[in-house]
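Single-structure report; data block below.
The values are calculated or read from the model by the stated rules, or taken from the named source; none is laboratory data. Nothing here was measured: the structure is a model prediction, and the numbers come from that model. Glycine also receives a Cβ, built like all others from the backbone with ideal geometry; neighbour counts cover every protein chain displayed. For the accessible areas, the whole protein counts, side chains as well, though only heavy atoms, and no ligand, DNA or RNA atoms are used. Shrake-Rupley method; radii C 1.70, N 1.55, O 1.52, S 1.80 Å.
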Amino acid sequence: MIIMIAAAAENNALGKNNELVWHLPNDFKRFKSLTTGHYIIMGRKTFESFPKPLPDRVHVVITRQENYKPEGCIVVDSIEKAIAVCPENEDNYIIGGGEIYNLALPFTDIIELTKVHHTFEADTFFPKLNKNEWVLVESEENFKDEKHLYDYTYETYIRK
Ligand SMILES: NC(=O)c1ccc[n+]([C@@H]2O[C@H](COP(=O)([O-])OP(=O)(O)OC[C@H]3O[C@@H](n4cnc5c(N)ncnc54)[C@H](OP(=O)(O)O)[C@@H]3O)[C@@H](O)[C@H]2O)c1
């Protein structure tokens, strides 16, 4: 199973200057709880946006650079190879960023999308979903509070 996990704003913004543009601690917790113990597939830029590798997850990093060998990661040069190194009958997560979401969408079975109800200036965007291909099966609204500046909704889509 290939599961894409992302947080995107109303204008599909994902990030700017290789950083996220919001801080939603509950969404981080959800990301951690869903992905821990699993393979996570990411682009080289997303990998480099982390201060250090994420604990208890196998990192599969996609790059065109032949000599890119960060410690403890599996490095591949295509989305097909990234998927091929993951265990077949497990939940494997595509964690971004924008370039890799675009590449991985045709291979994705489920999308766990946190919709952030605000519009942000950004340089990286989540692909526009074709509503003929995806059905929304779960939606959980969350409201802003002292730790969360924006309302946000956890949306689960499955391929039709
Ligand atoms: N909101 C969210 O849920 C979320 C999640 C993840 C990331 N982000 C944000 O997204 C931004 C990063 O996304 P991004 O789109 O700039 O970069 P990215 O998708 O993380 O990585 C892009 C890199 O992947 C490699 N790549 C791309 N296509 C490839 C192909 N066809 N074959 C082989 N390698 C390929 C290239 O690496 P080389 O240049 O090394 O060849 C490319 O520079 C950051 O702002 C980050 O904070 C947001």
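Quick notes on this one:
- Strands (runs of 3 or more DSSP E) fully within region 92-152 counting 3 or more residues that are crowded, with 17+ Cβ neighbours inside 10 Å, of a type outside the set (Val, Ile, Thr) and touching a residue at least 12 places away in the same chain (Cβ under 8 Å): 110-116
- Some residue of region 55-75 being surrounded by 13 or more Cβ atoms within 10 Å (Cβ to Cβ) and acidic (Asp, Glu): no
- Note on region 27-39: residues that are more than 10 Å from the ligand (Cβ to nearest atom) and in contact (Cβ under 8 Å) with a residue 40 or more places away in the chain total 5.
- Filter pass, TYR157 being part of a strand (DSSP E or B), closer than 19 Å to ILE62 by Cβ, open to solvent by less than 40 Å² (accessible area, probe 1.4 Å) and modelled with pLDDT of 95 or more: no
- Look at (1) within 30 Å of LEU149 (Cα to Cα); (2) free of Cβ contacts under 8 Å to residues at least 40 places away in the same chain; (3) touching a His at 6+ places or on another chain (Cβ under 6 Å) and you find that ALA9 fails only one, number (2).
- Cβ separations smaller than 6 Å between residues 6+ apart or across chains give the following pairs from region 48-76 residues that are within 18 Å of ILE95 (Cα to Cα) to residues that are of a type in the set (Ser, Thr, Tyr) and surrounded by fewer than 17 Cβ atoms within 10 Å (Cβ to Cβ): ASP56/THR36; VAL75/TYR68.
- Top-ranked residue in region 65-106 [being among the aromatic types (Phe, Trp, Tyr) and within 29 Å of PRO25 (Cα to Cα); ranked as nearest to the ligand (Cβ to nearest atom)]: TYR101
One line per residue, one yes/no per condition, for (1) within 22 Å of MET42 (Cα to Cα); (2) acidic (Asp, Glu); (3) under 13 Å from the mean Cα position of the chain (by Cα); (4) modelled with pLDDT under 95:
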site	(1), (2), (3), (4)
PRO87	yes, no, no, no
GLU90	yes, yes, no, no
LYS115	yes, no, yes, no
GLU140	no, yes, no, no
LYS147	no, no, no, no
TYR150	no, no, no, no
THR153	no, no, no, no
